[in-house]
Amino acid sequence: MKEKKIDRGILALIIGIAVLAVLFSGWRNLRKGVYLGNDFFYRAGDCLYQKNSVNYIRSVPEDGSIGFTISLNGKEQSASLTRQEDFVSITYDDGTVIEGIWNGQWFSDRETGFPLEFGADNITITVGNQPFQPGKPAISNALCRIAWGGLERKGSMILLCFGGFLYALGAAAFLFPNEAHFFLRRWAYQNAELSESGLLMEKAGGVIVMVVGIVVMLGLFIV
């Protein structure tokens with residue numbers, strides 16, 4: 001069996017794509033922030049959490065409380081959060097007052113302990129093309145996370161590493177189709193070598209696995 005040289009241009013392209021995927025995944029999925037409903041607001045500063053220019057949360061420490069400005073689809077509202085141990089009271093500029101406890105994960109009802117974000121008061125119906133507006137319980141949960149520093153990430157290092165592993169497997173199958181196909185099985189063959197069609201199919205499978213690895217690394221299935 002003839003030894004085949006690796007095309008350095010293709011190898012550089014595969015490595016370059018992997019590096020870009022890792023960098024973009026870290027930027028997209030490993031930065032901290034808070035979820036507001038299904039939307040993720042990245043931490044853009046000490047007092048600013050932002051999805052885009054018209055969706056953001058800004059906090060301002062006040063005497064004995066924390067003031068918030070919440071912009072959703074360009075519509076601003078304000079709120080003031082006061083807390084005493086785990087008890088929380090949030091007053092909105094329209095007069096709405098929501099009270100509960102912060103258990104470290106959810107803003108919950110004081111009596112039942114059930115997360116207020118999942119209650120009936122948080123059901124919102126979207127009509128036509130009008131953008132979804134999360135209810136005040138969902139907003140309150142995000143404000144509590146900011147107040148207690150309970151930030152989260154969209155993705156995880158586990159997904160990044162698993163996606164990288166899949167990408168490496170696919171790259172190995174593409175660059176070394178014979179070796180990949182007969183891995184741990186070459187001993188059973190006298191002249192183990194794929195046909196031209198077999199090489200093409202093995203490389204195609206490698207490309208598919210690389211694409212899947214990139215999707216996992218980037219967390220494209222994460223909202």
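The values are calculated or read from the model by the stated rules, or taken from the named source; none is laboratory data. Computed from a predicted structure; not experimentally measured. Every residue, glycine as well, gets a Cβ built from its backbone with ideal geometry; the counts of neighbours run over all protein chains shown. Heavy atoms of the whole protein, side chains included, go into the accessibility calculation; ligands, DNA and RNA do not. Shrake-Rupley method; radii C 1.70, N 1.55, O 1.52, S 1.80 Å.
With only Lys, Arg, Asp and Glu charged, each at its Cβ (+1 for the first two, -1 for the last two), find how big the charge dipole of the stretch 1-100 is about the Cα centre; round to the nearest 20 debye.
Working: 12 positive and 12 negative charges, 242 e Å.
Approximately 1160 debye in magnitude.
Run the helix sum for the chain: -39,500 (n - 2.57) per DSSP H stretch of 4+ residues, divided by residue count, reported at 222 nm to the nearest 500 deg cm²/dmol.
Values: 5 runs with 82 residues, N = 223.
So the helix-based figure for the chain works out to -12000 deg cm²/dmol.
Of S80, I15, S65, whose Cα points farthest to the positive end of the dipole of the chain (charges on the beta-carbon: +1 Lys, Arg; -1 Asp, Glu; origin at the Cα centre)?
Of the candidates, I15 comes out farthest on the positive side.
How big is the chain in terms of Cα radius of gyration and Dmax, in angstroms?
25.4, 82
Assigning unit charges at the beta carbon (Lys, Arg +1; Asp, Glu -1) and nothing else, what dipole magnitude in debye, to the nearest 20, does the chain show about its Cα centre? Can you show the working numbers first?
Values: 20 positive and 21 negative charges, 233 e Å.
In total the dipole reaches around 1120 debye.
How far is helix 8-29 tilted off the main Cα axis of the chain, in degrees rounded to 10, range 0 to 90?
Helix 8-29 and the main axis of the chain meet at about 20 degrees.
On a 0 to 90 degree scale, rounded to 10, what angle separates helix 136-148 from the longest Cα axis of the chain?
80 degrees
How much accessible area per residue does the chain have, in Å², with a 1.4 Å probe?
Values: 13680 Å² over 223 residues.
For the chain, the per-residue accessible area is 61 Å².
Got a number for carbon plus sulfur as a percent of the stretch 31-74's accessible area, 1.4 Å probe?
Numbers: 950 of 2190 Å².
Carbon-and-sulfur percentage of accessible area, whole number: 43.
Using only Cα atoms, tell me the angle between helix 157-175 and the longest principal axis of the chain; keep it within 0 to 90° and round to the nearest 10.
20 degrees
Just the number, please: percent antiparallel of the DSSP beta bridges in the chain, rounded to the nearest 5.
Details: 41 of 41 bridges.
Taking every DSSP beta bridge with both residues in the chain, the antiparallel ones total about 100 percent.
Please express the Cα-Cα pair-distance distribution P(r) of the stretch 1-90 as a list of whole percents, one per 5 Å bin, running from 0 to the bin with the greatest distance.
3, 11, 14, 15, 12, 10, 7, 6, 5, 4, 4, 3, 2, 2, 1, 0
Can you sort M210, M201 by solvent-accessible area, 1.4 Å probe, largest first? Please report the intermediate quantities before stating the final value.
Numbers: M210 20, M201 135 Å².
Heavy-atom accessible area, descending, gives M201, M210.
Which stretch or stretches of the stretch 28-68 have amide N atoms under 13 Å from the point lying 7 Å from M157's Cα along the Cα→Cβ direction?
Hits in the stretch 28-68 for M157 at 13 Å: 30.
Please name whichever of G113, P177, N103 sits farthest to the positive end of the charge dipole of the chain, dipole taken about the Cα centre and charges placed at Cβ: Lys and Arg +1, Asp and Glu -1.
P177
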